[in-house]
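Visitor: Mind having a look at this structure? Questions to follow.
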Amino acid sequence: NLGEESFSAFNDPKGEFTWKDAYAFITNCEKGIIVAHPNPKMIGLPSDKILCYKTSRKILEQTCKDVTPEGVWAEYWWPVQPSSDQIARKVVFVIPVPGTPYQAAASIFNETTTLEELKKIK
């Protein structure tokens, strides 16, 4: 557990935590912000600014509320590219990092796998 020292690795869009259109990021539910993300515009965003493009639900608030020690799957709709008007379904797995205020999350675009199917493999 490198703690905050690991954030630079998560912030690298060409690093080990990014693959094609999938990436991992770190949130801090106590502060309600994303603290590490390959898109620098996402870092420090307050949870009330991180909204599902289909439902306007506050994504970070929902996953922070629902996360368990074993992790939680969630879905939301997000732009396919940062400046794109094309919106697609993303699934995200969020799990707390024990002994810290942080949660590790990884998301990927997926239009077919249901949350029920994903919950069976967590």
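The values are calculated or read from the model by the stated rules, or taken from the named source; none is laboratory data. Note that the structure is predicted; figures quoted are calculated from it, not measured. Here the Cβ positions follow ideal geometry from the backbone for every residue, glycine too, while neighbour counts run over all protein chains shown. When the accessible area is computed, the model is the full protein with side chains, heavy atoms only, and any ligands, DNA or RNA have been set aside. Shrake-Rupley method; radii C 1.70, N 1.55, O 1.52, S 1.80 Å.
Visitor: With a 1.4 Å probe and all protein chains left in place, how much of the accessible area of the chain comes from carbon and sulfur atoms, in whole percent?
Guide: 55 percent
Visitor: Still on this model: Reachable lysines from residue 49, Cα under 23 Å, same-chain residues fewer than 8 places away excluded?
Guide: 31, 41, 58, 65, 90
Visitor: Using θ = phi - 60° and the Karplus relation 6.51 cos²θ - 1.76 cosθ + 1.60, list the HN-Hα couplings for region 17-27 in order, rounded to whole Hz, with x at every Gly or Pro.
Guide: Coupling constants for region 17-27: 9, 10, 8, 6, 9, 9, 7, 10, 8, 10, 10 Hz.
Visitor: When ligands, DNA and RNA are left out and all protein chains stay put, how many square angstrom of accessible area per residue does region 12-59 have with a 1.4 Å probe?
Guide: 62 Å²
Visitor: Pairs of Cα atoms under 8 Å, at least six residues apart: use those to get the relative contact order of the chain, whole percent.
Guide: RCO, the chain: 22 percent.
Visitor: For residue 88 and residue 117, calculate 0.36 nm times their separation in residues minus their Cα-Cα distance, and state this gained length in nm to one decimal.
Guide: 8.6 nm
Visitor: Which of 100, 78, 45 sits farthest toward the positive end of the charge dipole of the chain, with +1 on the Cβ of Lys and Arg and -1 on the Cβ of Asp and Glu?
Guide: 78
Visitor: Moving to a separate point now. Restricting things to alpha carbons, find the Rg to Rh ratio for region 55-108 using the Kirkwood radius for Rh.
Guide: 1.02
Visitor: Dipole magnitude of region 75-122 about its Cα centre, charges +1 at Lys/Arg Cβ and -1 at Asp/Glu Cβ only, in debye to the nearest 20?
Guide: So the dipole magnitude of region 75-122 works out to roughly 200 debye.
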